[in-house]
1. Taking the conditions exactly as written (under 21 Å from residue B:107 (Cβ atoms), of a type in the set (S, T, N, Q) and in the same structural domain as residue B:194 (by TED's automatic domain parsing)), does residue B:148 satisfy them or not?
2. Considering segment A:183-210 alone, what residues qualify as being more than 16 Å from the chain's Cα centre (by Cα) and surrounded by fewer than 17 Cβ atoms within 10 Å (Cβ to Cβ)?
3. Inspect all residues belonging to segment A:216-227 and state whether any of them is on the phi > 0 side of the Ramachandran plot, surrounded by fewer than 19 Cβ atoms within 10 Å (Cβ to Cβ) and either within 14 Å of chain B (Cβ to nearest Cβ) or assigned to a loop (DSSP other than H, G, I, E, B) (or both).
4. Need a quick list: strands (runs of 3 or more DSSP E) entirely within segment B:246-322 having at least 1 residues that are small (Gly, Ala, Ser).
5. Kindly provide the set of residues from segment B:239-266 that are touching a residue at least 24 places away in the same chain (Cβ under 8 Å) and open to solvent by 40 Å² or more (accessible area, probe 1.4 Å), ordered by number.
6. Does segment B:319-328 hold any residues that are of a type outside the set (Lys, Arg) and modelled with pLDDT of 85 or more, and which are they?
Amino acid sequence: MSRWLLRGYLALVYLLLYLPILVLVVFAFNDNRSAYSWGGFSWRWFEALFNNRSLMDAALNSLLLAASTATLTMIIGTLTAVALQRYRFRGKAALQGMLFVVMMSPEIVMAISLLALFILLGMQLGFVSLLLAHITFCLPFVVITVYAQLSGFDNRLMEAARDLGASEWQTLRTVLLPMIWPALLAGWLLGFTLSLDDVVVSTFMTGPGFDVLPLRIYSMVRIGLSPEVNALGALLLLLSLISLMLSHLILTRKRS
Amino acid sequence: MTDAATAKPSPQLSLRGLAKRFDGKAVLSDIQLDIHDGEFITLLGPSGCGKTTLLRMLAGFETPDEGSIRLDGADIVGLPPNHRPLNTVFQNYALFPHMTVFQNVAYGLRMERCPAAEIRTRVEQMLAMVQLSEFAARKPHQLSGGQQQRVAIARAVIKRPRVLLLDEPLSALDFKLRKTMQLELKRIQRELGITFVFVTHDQEEALSMSDRVVVLNQGQIEQLGTPREVYERPASLFVARFVGEANLLPGEIAGVADDGRVQVDVMGQRMLLRRPFFPATPGQKVKILLRPEDMRLGTADESGFPGRVLERSYKGSTLDAVVRLDAGPDILASEFFDEDYPDFDHRRGEPVTVTWVPSWEWLLPDADAPV
């Protein structure tokens, strides 16, 4: 009896998690414009999506922004994590604490303060302001991910490399990076997804010349639910599934 | 004799006035040490005595607060580890887990930008020397502890360092393997003629392998000498207790003879003992150091210190006994089998007398006694 209850409960949880996604994917292929009835299978919304210039531009912008954010955050975050893990210096604890403050503070507060800063500096809002803002809120997550991996890292390996004649840079390249790159990959993916679906900070940081996907979708949905958005959602889902499988594949191959 | 004839060859490594503090606490103070070319020297001491810190200073991972380290006359204190012609065998080996055995051993040469063909021949040579030629393609985690140990040695000596630093390299191995590796290390040292600076807390290992032993305690050198000197003629109670098993009998100087020998009251008996290495004065408290193998057990009617056998244990080549003396301390006696004494074994609880081979005793000032 209790076993069935447990299974039923589990099924309910998964249903709630996956039903909306399933509905979205199904309706991406719905020939009917209405979101309430099934009108047969069709690719028309994908066609409409590819012909919708403004939506496609926003999608490309978002991918570019997410990739740049992820890459830069990964580099800065890794160097920060290495510094925090390897060296003892004045103000280290404060620096670590400040990372958590950034992570915990409400996004809206960060958005407003960044906006105030950029206006104060007389900066034009657009790609650069978005990039800086996204790096700022992604950084703590990446630092913590890489730092966690580094904590298990034996510092004597670095010393062994130095002892054998490697410079700081050679040590980083030949010993540290080959050993911690799974964490870097994880950090990159984290930065990418955080940046890709951010709405709050982007709302404040975006300029007239640079539209990003989440904001574009948001404004489209306010007029009415368009099946093109379903098609876009299905594509993004496919993209994230592929990257998830890829990272899983790489990580398991490395372990064996 | 001229000065040239008496002058020793100048040391390869010369440490002068080395001191290091961590958070205000002195870890090493005023270390003076000369290490000669081709020597096997061991830094011995309990954990926290500063031996590893000293080794790390030589390697370049720690900077001394004071003092100088000269290698062939040139001060190397400011040099980063990658520019020092010394290599280290790390505790737990620190092999690169993402590289094969071959790549691990080749690492030092690769960093030197050595031509690939030369790397290949030299790595193969090294692997042959440590008998790991068939394992070149394996990863470190596929090797046994002893094999990993040999990779670590090969990796460290392939650059032909002037000095090889070894940080407790055998501590992770089991007893039998440790014995084999001790011999192996001695062989490698003989073959390569490299100076070895070896850190250990295992006094037996130190005695059996070294040309000279440096006994460290609380950041200072307690004694520097050959294994024999350190074992038979320790400079302090600390060294006597730390190196080997020690029976320390309490005594008091009663008088000094003309030849330097001393009359000592030992647990109620007056004895004439060998000349101490320190100036003895009547009334001074001393300890008489006797190693277990110096002790002799006799039957109750013989002269000596009376006592009772407390424990008896068979060690294969020796029979060890713990004897509780009527007058005080427990002593450990270790006797070799001797066919001339068939009734050699003593039963537990049996009354015995304890003596030692005359003049094998070693006197030490009693640092524990109130002055």
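The values are calculated or read from the model by the stated rules, or taken from the named source; none is laboratory data. Note that the structure is a prediction, hence the values are computed from the model and not measured. Note that each Cβ is placed from the backbone with ideal geometry, even for glycine, and that neighbours are counted across all protein chains shown. Side chains are part of the model used for accessible areas, which takes the heavy atoms of the whole protein and leaves out ligands, DNA and RNA. Shrake-Rupley method; radii C 1.70, N 1.55, O 1.52, S 1.80 Å.
1. Values: under 21 Å from residue B:107 (Cβ atoms): yes; of a type in the set (S, T, N, Q): yes; in the same structural domain as residue B:194 (by TED's automatic domain parsing): yes.
Answer is yes for this residue.
2. At the first step, the residues of segment A:183-210 found to be more than 16 Å from the chain's Cα centre (by Cα) are A:203-210.
The answer is A:203, A:207, A:208, A:209.
3. The first filter runs over segment A:216-227 and keeps only residues on the phi > 0 side of the Ramachandran plot, leaving A:224.
The next check asks that each one be surrounded by fewer than 19 Cβ atoms within 10 Å (Cβ to Cβ); those that pass are A:224.
Okay, now just the ones that are also either within 14 Å of chain B (Cβ to nearest Cβ) or assigned to a loop (DSSP other than H, G, I, E, B) (or both), so A:224.
Looking through segment A:216-227, at least one residue is on the phi > 0 side of the Ramachandran plot, surrounded by fewer than 19 Cβ atoms within 10 Å (Cβ to Cβ) and either within 14 Å of chain B (Cβ to nearest Cβ) or assigned to a loop (DSSP other than H, G, I, E, B) (or both).
4. On the way: elements: B:247-256, B:262-266, B:269-273, B:285-290, B:295-299, B:305-314.
Ranges flagged: B:247-256, B:295-299, B:305-314.
5. Those that are touching a residue at least 24 places away in the same chain (Cβ under 8 Å) and open to solvent by 40 Å² or more (accessible area, probe 1.4 Å): B:242, B:245, B:250, B:252, B:256.
6. Within segment B:319-328, the first condition is being of a type outside the set (Lys, Arg), and the residues that meet it are B:319-323, B:325-328.
Passing the criteria: B:320, B:321, B:322, B:323, B:325, B:326.
Quick grid of which residues meet (1) open to solvent by 50 Å² or more (accessible area, probe 1.4 Å); (2) at pLDDT 95 or above; (3) more than 14 Å from chain A (Cβ to nearest Cβ):
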position: B:62; (1), (2), (3): no, no, no
position: B:67; (1), (2), (3): no, no, yes
position: B:90; (1), (2), (3): no, no, no
position: B:93; (1), (2), (3): no, no, no
position: B:102; (1), (2), (3): no, yes, yes
position: B:107; (1), (2), (3): no, yes, no
position: B:130; (1), (2), (3): no, no, yes
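Per-residue answers, yes or no, for (1) closer than 15 Å to residue B:129 by Cβ; (2) surrounded by 18 or more Cβ atoms within 10 Å (Cβ to Cβ):
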position: B:163; (1), (2): no, yes
position: B:173; (1), (2): no, yes
position: B:180; (1), (2): no, no
position: B:185; (1), (2): yes, yes
position: B:188; (1), (2): yes, yes
position: B:197; (1), (2): no, yes
